[in-house]
Amino acid sequence: MILKNYIWTTLVTVFIVVLSTIPIPEEAPLGDVPLIDKWVHMVMYAGLVFVMWVDHVVRRKQKFTWTARILMLLYAIALGGAMELVQAYLTTCRSGDWIDFEADAVGALIGKLVCVGLNWKFKTKN
């Protein structure tokens with residue numbers, strides 16, 4: 001039931017898990033951009049929170065309550081932490097990094113703030 005109600009969230013979660021566990025190419029695109037890895041982490045987790053908001057508020061027509069806001073943020077941060085632990089202990093091609101986890105959390109927080117703004121702009125707040 002949850003998978004059906006939050007299909008986009010599920011798909012983005014699977015996408016993040018796959019991207020977080022596949023080997024990184026030797027010659028990564030945009031590898032010369034400073035801190036590109038941290039930017040990618042922030043964008044992925046901000047995007048995850050945004051997609052959760054779309055599934056919850058736009059698709060399911062639910063109110064964006066404080067409980068929903070906190071749960072969305074906690075889910076994204078927990079996923080970021082889990083992915084760093086998976087990279088550190090369950091893969092041979094990746095390494096976990098606390099700074100990546102911080103970038104995940106910052107991205108999730110940015111995503112939440114964007115969603116609060118969108119919620120206010122489109123008058124869907126409670």
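Quick notes
- Residue check for ALA68: closer than 18 Å to TYR6 by Cβ, at pLDDT 90 or above, in a helix (DSSP H, G or I) and not β-branched (Val, Ile, Thr): yes
- Failed item, numbered, when ILE24 is tested on (1) aliphatic (A, V, I, L, M); (2) part of a helix (DSSP H, G or I); (3) over 11 Å from the mean Cα position of the chain (by Cα): (2)
- Boolean, LEU74 is surrounded by fewer than 16 Cβ atoms within 10 Å (Cβ to Cβ), at pLDDT 95 or above, out of contact with any Pro (no Cβ under 8 Å at 6 or more places or on another chain) and hydrophobic (A, V, I, L, M, F, W, C): yes
- Flag if ASP97 is under 23 Å from VAL40 (Cβ atoms) and at pLDDT below 95: yes
- Of the residues making up the stretch 85-126, those that are part of a helix (DSSP H, G or I) and among the charged types (D, E, K, R) are ASP100, GLU102, ASP104, LYS112, LYS121.
- For first residues located in the stretch 8-25 and in contact (Cβ under 8 Å) with a residue 12 or more places away in the chain, partners that are of a type in the set (A, V, I, L, M, F, W, C) and not in a helix (DSSP H, G or I) and lie 6+ apart or on another chain with Cβ distances below 7 Å form the pairs PRO23/CYS93.
- Flag for LEU85 being modelled with pLDDT of 95 or more and within 18 Å of the chain's Cα centre (by Cα): yes
- Flag for VAL57 being in a helix (DSSP H, G or I), surrounded by 12 or more Cβ atoms within 10 Å (Cβ to Cβ), among the β-branched types (Val, Ile, Thr) and modelled with pLDDT of 95 or more: no
- Taken as a whole, the condition of being out of contact with any Cys (no Cβ under 8 Å at 6 or more places or on another chain), among the small types (Gly, Ala, Ser) and either surrounded by fewer than 14 Cβ atoms within 10 Å (Cβ to Cβ) or under 23 Å from LYS4 (Cα atoms) (or both) applies to GLY47.
- Index of the failed condition, TYR75 passing every other in (1) touching a residue at least 40 places away in the same chain (Cβ under 8 Å); (2) among the aromatic types (Phe, Trp, Tyr); (3) not in a loop (DSSP other than H, G, I, E, B): (1)
- Across the stretch 49-101, the number of residues qualifying as more than 23 Å from LYS38 (Cα to Cα), of a type outside the set (A, V, I, L, M, F, W, C) and in contact with a Lys or Arg (Cβ under 8 Å, 6 or more places away or on another chain) comes to 2.
- Residues in the stretch 91-111 that are among the hydrophobic types (A, V, I, L, M, F, W, C) and in contact (Cβ under 8 Å) with a residue 24 or more places away in the chain: CYS93, ILE99, ALA103, ALA105, VAL106, ALA108, LEU109, ILE110.
- Of the residues making up the stretch 69-126, those that are over 21 Å from MET52 (Cα atoms) and among the hydrophobic types (A, V, I, L, M, F, W, C) are LEU85, VAL86, ALA88, LEU90, CYS93, TRP98, ILE99.
The values are calculated or read from the model by the stated rules, or taken from the named source; none is laboratory data. In this text the structure is predicted, and so the values were computed from the model without any measurement. As a convention, Cβ positions derive from the backbone with ideal geometry for all residues, glycine included, and neighbour counts pool all protein chains shown.
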